[in-house]
Amino acid sequence: MIDVKELPDDVQELKNIIIDLQNEKDNYEKKINALLEDIELWKKKAYGPKSEKYYADNDEQRFLFNEAEAGFDKESLTNNRQQTHVEVKAHTRIKKGRRKLPESLERIIKEIDIPESQKICASGKKRKFIKREISEKLDIKPPEVKVIQTKRAVYGCPDSCCVLCEEKGESPVKTAPVPPQLLEKTIVTPGLFSYFITSKYCDHLPYYRQEKIFSRYQIDLTRQSMCRWTIKIFQKYSILQELLWKELLSGPLIGIDETTMQVVLEDGRSAKTKSYLWVFRGGNARAPTIIVKYRRTRSAKFLLELLQDYKGYIQTDGYKGYNDLEVLAAIILIACWAHARRKFYEAAKASKNKGSAQEALSMIQQLYLIEKTIKDKDVKERKRIRQEEAVPILNTIKAWLDKKKLQVLPESLIGKAVNYTLKLWPKLIKYVDDGIIPIDNNGVENAIRPECLGKKNWLFAYTPSGADASAFFYSLIETAKANGLEPYWYLRYLFDKIIKAKNEEDFRMLLPQYVDHQEIMEYRLPGQWG
């Protein structure tokens, strides 16, 4: 504070002091507004809807409360819309009403007839049968639990001491061989293992809850046993993980993302220290591979070793750790428009002045409308349409960003969104050069979302080996889902057949990308298993 007694008498000096104070006040207000935006954003994230869908408002209504700011760029935005009009194909309206129950479900037929007396009409003639009114209701019972009892025949020599058996070194007692087991000396069957694995990693039921469910059937199946079996089967069939990785590297594009995970018992680390699950999506676009890997830190340096022989595109968010991959000459880094859009969405959601953020969202939405129209076209056609229709929009967005950067406070949400997008711009626009590249990394984000939901239920892994096993089974389940397979039945089929696999090709043909869908459907029929 300035002491009033020390104020100068000179008018110009007093003006300079006032100007300095006003500038200081303006700077404080800008910082306060930026902090208020951050607070508002966190409130929206905590309590508001999670969807990032953007619906463009009527132009005049959208600019009603941002007239001064919007007027500056409204002409260029309007021109851009006129130049890049996109026609969206007509869609088939979905008929309202309850969906028909699946034909694959067993039907128990109950026929109801009218009394014989009502089959005679008032004139005394017998009524003719016309049809049956059919209605269906859904019945369900808890999972059917069975015990598979194996009886192995045992034979022995009639003589208690067979001289010839001893001379030939044979045992006088012969027992039928033990059939191949998924996990020796346990009660585990393909059905049991697939059930509790699917329950945890697909339906997000932690083992302690499943333990209580089994207890209702008077079955003593502890969470410790389930954890131990999960790790042992992962270790026994780790070849599947190696084969999945080969499939991932076989394609022209890999998407990568990461999420936090807590591992309680890690050497030299606090139980509260964050670990990470890294998610990869790649391989054949028509038969994708999704792999989850556990790592202690967020450092992306391990990717250099994993991807050193890979040639193709890598699509990620703006995390700077991915820049390490630029030393690999055969890799081209691509940025994700969904992450750029998210920054503007956050600014539109939390900022008092939403005009600029909504303008950006409107232009980005035009890029996505183009993607919607070309999703079923071949690679060459997608590239051609992007070059013709998306490039002009990208040029307009770039000009808008360059101009907006000079007008907004860098610490504000809109400033952060503008700077984030400009920083990644060379990587954001590369998708128009190849129809193989998607506009965003949402395929990976959709794969990582179930794991994030699962964490809310089971919160952490106890050991690194448990985290590795969890990552592996997430990989199998998410790859199965991406290839149109129902997780439980795929796993049951896999662990039933894997016992008989003898070489790498046998194991490879059991991956979700190669397994026979029709064979699994037939396998689901009653009497085919257990």
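Quick query: amide H of S250 versus all other amide H atoms, modeled in the peptide plane; which residues come in under 5 Å with a sequence gap of 5 or more or a different chain?
Placed amide hydrogens put G283 under 5 Å from S250.
If you average the alpha carbon positions of the range 463-514 and of the range 171-188, how far apart do those two centres end up, in angstrom?
The range 463-514 and the range 171-188 have Cα centres separated by 25 Å.
Extending each Cα 7 Å along its Cβ direction at I114 and Q181, get the distance between those two points in nm, one decimal.
Output for this residue pair reads 6.4 nm.
Return the FRET efficiency for the residue pair R152, N446: r is the Cβ-Cβ distance, R0 is 45 Å, and the value is rounded to the nearest 0.05. Display every interim value, and only then the final one.
Values: r = 48 Å, r/R0 = 1.06.
Computed FRET efficiency for R152 and N446 comes out at 0.40.
Before I look further, what does the range 91-183 give for accessible area per residue, probe 1.4 Å, in whole square angstrom?
109 Å²
Just to be sure I understand the model, the point goes 7 Å from the Cα along the line to the Cβ. What's the resulting R209 to E504 distance in nm?
The two pseudo-label positions are separated by 4.1 nm.
Rounded to the nearest Å, what's the spacing between the alpha carbon centres of the range 203-244 and the range 107-164? Just the number, please.
Centre-to-centre distance over Cα atoms comes out at 33 Å.
For the range 301-450, what does the alpha-carbon gyration tensor say about shape, rounded, prolate or oblate, given a ≥ b ≥ c as the root eigenvalues, a/c under 1.5 as rounded, and a/b over b/c as prolate? Spell out each step's value before the answer.
Details: a/c = 1.83, a/b = 1.29, b/c = 1.42.
Because a/c hits 1.5 or more and a/b fails to exceed b/c, the range 301-450 counts as oblate.
Percent of accessible area on the range 372-421 owned by carbon and sulfur, 1.4 Å probe?
About 52 percent, which is the carbon plus sulfur part of the accessible surface.
Might you work out the accessible area of R296 for me, using a 1.4 Å probe with all protein chains in place, and round it to the nearest 10 Å²?
100 Å²
Once you have the Cα-Cα distance between K236 and R342, take 0.36 nm times their residue separation minus that, and quote the gain in nm to one decimal. Walk me through the intermediate numbers first.
Values: separation 106, 0.36 × 106 = 38.16 nm, distance 4.18 nm.
Difference between extended and current length: 34.0 nm.
Cα convex hull of the range 94-209: mean projected area in nm², to one decimal?
Reported value for the Cα convex hull: 19.8 nm².
According to the Kirkwood expression over distinct Cα-Cα pairs, how big is the hydrodynamic radius of the range 248-390, in Å? Before the final figure, lay out each step's value.
Values: mean 1/r = 0.0562 Å⁻¹.
Kirkwood radius, the range 248-390: 17.8 Å.
Tell me, in nm to one decimal, what length is gained between I140 and Q407 on full extension, where the rule is 0.36 nm per residue of separation less the Cα-Cα distance? Let's see the in-between values first.
On the way: separation 267, 0.36 × 267 = 96.12 nm, distance 6.18 nm.
Residue separation times 0.36 nm, minus the Cα-Cα distance, leaves 89.9 nm.
What number comes out for accessible area per residue over the range 319-405 if the probe is 1.4 Å? Units Å², please. Walk me through the numbers before you get to the answer.
Working: 3820 Å² over 87 residues.
So the range 319-405 comes to 44 Å² accessible per residue, rounded to a whole number.
Whose amide H sits under 5 Å from the amide H of Q315, counting only residues 5 or more places off or on another chain, with H placed in the peptide plane?
I254, G255, I256, I334
Below 14 angstrom from the Cβ of T186, what's the summed charge of the other residues (Lys, Arg +1; Asp, Glu -1)?
Values: positive: K185, R228, K232, K236; negative: E184, D220.
Its environment carries a net charge of +2.
Full-extension gain between I19 and R223, please, as 0.36 nm times their residue separation minus the C-alpha to C-alpha distance. Mind dumping the intermediate values first?
On the way: separation 204, 0.36 × 204 = 73.44 nm, distance 6.94 nm.
So the chain would gain 66.5 nm between I19 and R223.
For the range 110-209, which whole-number percentage of the solvent-accessible area (1.4 Å probe, protein heavy atoms only) is attributable to carbon and sulfur atoms?
Working: 4840 of 8680 Å².
Ligands and nucleic acids excluded, carbon and sulfur give 56 percent.
Note down the nm distance, to one decimal, between modelled labels 7 Å out along Cα→Cβ at K301 and at Q518.
5.3 nm
The values are calculated or read from the model by the stated rules, or taken from the named source; none is laboratory data. Bear in mind that the values here come from a model prediction, so they are computed numbers and not experimental data. A quick note on method: Cβ atoms are made from the backbone with ideal geometry, for glycine too, and the neighbour counts reach across all protein chains shown. We work out accessible area using only protein heavy atoms, side chains counted, and drop any ligands, DNA or RNA first. Shrake-Rupley method; radii C 1.70, N 1.55, O 1.52, S 1.80 Å.
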